[in-house]
Amino acid sequence: MALVTQEQISQYHKDGFLALEHFFTSEECDAMQAQIQEIIADMDVPPHSRTEFSTKHEEQLQAQGSAEYFLTSGDKIRFFFEKGVFDENGDFLVPKDKSLNKIGHALHASDAVFKQMTHASKVQALARKLGLENPVVVQSMYIFKQPHIGGEVTPHQDASFLHTEPLGRVVGLWIALENATEENGCLWFLPGSHTSGITRRMVRATLGTVQRTQFIGSEREYDSSQFIPVPVGKGGLILIHGEVVHKSEANHSETSRHVYTFHLMEAKDTIWSKDNWLLPTPELPFPSLYT
């Protein structure tokens, strides 16, 4: 991997994103893919995912189970499935490894391979190049973008979900473990859209005794013609500013688009919002990137 230049860092600050080809080696990508297969082999599927509920009351219980499973996933390895991959008996309609949308949100802390990749010396060097003084890892995900069923991700800003005071303290690192192409759902960005703040937030809310999430504010309307595709090859890394607007299209192709992604927060002089869906826990305070 070539060293990141100051010119590239300036480009990142201007556009809100930066693609760096060949950041990880093919072997490192293969190691992450092999490790996720091990994790899937030992997967424990949560009941709320398996069941197709019929009554309103049962649907509510399913939604609560789903919300709790999501809200308590910040310090664990949890499994999130594509729609329609279970039959009415809760059995898989597709192979297990083809059923998943993503696995999150603490691979960086709970698994040795992903921990090593997250804290790789070249990642630490990149963070230093960005001027991060005390970056901490707040979450990580393995995203599958399955062939034919990998759904679209609508335009959004990561800071809507990972909110800080002040804004501008979160950066995503998105690593293509397979070629990410326009056909299989690469990222699209709205260049320069990281400078106008955010208009929508997902927050924790309590309904009676039940914790769930809700949105406050609303997403802006975006002109789809202004987005540009950013395909990257296997091993490529995309830096994503917390407020840049980005999306990905559905995957109708024959090939998957596996990705490992994690988010850093500059912890110096930053408050992590207390009503974020994701909160550090006594078991897992946000670990420092610098080791």
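Observations on the structure shown:
- Solvent-accessible area per residue, Å², over the range 21-94 with all protein chains present [probe radius 1.4 Å]: 58 Å²
- The range 30-118, dipole about Cα centre (Lys/Arg Cβ +1, Asp/Glu Cβ -1), debye to the nearest 20: 260 debye
- Percent of alpha-carbon pairs separated by more than 23 Å within the range 119-204: 37 percent
- Å² of accessible area per residue within the range 160-221, as computed with a 1.4 Å probe and no ligands counted: 46 Å²
- Here the range 44-196 is assigned +1 on the Cβ of each Lys and Arg and -1 on the Cβ of each Asp and Glu. Its dipole about the Cα centre then comes out at about 660 debye.
- With eigenvalues of the C-alpha gyration tensor scaled by 5 and rooted, the range 6-60, Å: 41, 23, 6
- Taking a ≥ b ≥ c as the square roots of the eigenvalues of the Cα gyration tensor, the range 51-104 is oblate, since a/c reaches 1.5 or more and a/b is not larger than b/c.
- Integer Hz, Karplus 6.51/-1.76/1.60 couplings in order for the range 268-284, x for Gly and Pro: 5, 6, 10, 10, 7, 4, 5, 9, 4, 4, 9, 10, x, 10, x, 6, 9
- q = 0.06, 0.07, 0.10, 0.14 Å⁻¹: log10 I(q)/I(0) that the Debye formula gives for the chain, counting C-alpha atoms only: -0.18, -0.25, -0.53, -1.11
- The helix-only estimate of mean residue ellipticity at 222 nm for the chain, built from DSSP H runs of length n ≥ 4 each weighted as -39500 (n - 2.57), is -6500 deg cm²/dmol after division by the residue total.
- Around residue 190: net Lys/Arg minus Asp/Glu count, Cβ-Cβ under 9 Å: 0
- From largest to smallest, the equivalent ellipsoid semi-axes obtained for the range 147-291 from the alpha-carbon gyration tensor read 27, 19, 17 Å.
- Only Lys, Arg (+1) and Asp, Glu (-1) charged, at Cβ; the chain dipole about Cα centre in debye: 720 debye
- In terms of the mean number of neighbouring beta-carbon atoms within 10 Å, the peptides 221-228, 26-33, 158-165 order highest first as 158-165, 26-33, 221-228.
- All lysines inside 23 Å of residue 96 as judged from Cα atoms, apart from same-chain residues fewer than 8 positions distant: 76, 83, 145
- Its relative contact order, with pairs defined as Cα atoms under 8 Å and 6+ residues apart, puts the chain at 29 percent.
- Most to least packed among 92-105, 204-217, 256-269 [average Cβ atoms within 10 Å]: 256-269, 92-105, 204-217
- In range of the label at residue 255: residues from the range 72-113 whose backbone nitrogen is under 19 Å from the point 7 Å along Cα→Cβ: 98
- With 23 Å as the limit, the listed pairs 56/98; 102/234; 115/234; 56/247 have 56/98; 56/247 beyond it between alpha carbons.
- Solvent-accessible area of the chain (1.4 angstrom probe, protein heavy atoms only): carbon and sulfur portion equals 52 percent.
- Considering only alpha-carbon pairs that sit under 8 angstrom and 6 or more positions apart, the relative contact order computed for the range 201-241 is 26 percent.
- Distance from the range 4-25 to the range 238-291 (C-alpha centre basis), Å: 17 Å
- What the Cα convex hull of the range 7-116 gives, in volume per residue, is 153 Å³.
- The chain: most fluctuating residue of 250, 109, 41 per GNM, C-alpha cutoff 10 Å: 41
- Sequentially through the range 246-256, phi angles give Karplus couplings (6.51, -1.76, 1.60; θ = phi - 60°) of 8, 7, 9, 7, 5, 9, 9, 8, 7, 10, 6 Hz, Gly and Pro residues having no value and appearing as x.
- For the range 157-166, the Karplus equation 6.51 cos²θ - 1.76 cosθ + 1.60, evaluated at θ = phi - 60°, returns couplings of 10, 4, 5, 5, 9, 10, 8, 10, 10, x Hz by residue, with Gly and Pro reported as x.
The values are calculated or read from the model by the stated rules, or taken from the named source; none is laboratory data. Please read all numbers here as calculations on a predicted model, not as lab measurements. Virtual Cβ from ideal backbone geometry, glycine too; neighbours counted across all protein chains shown. Heads up: the accessible areas ignore ligands, DNA and RNA and are worked out on the full protein's heavy atoms, side chains in. Shrake-Rupley method; radii C 1.70, N 1.55, O 1.52, S 1.80 Å.
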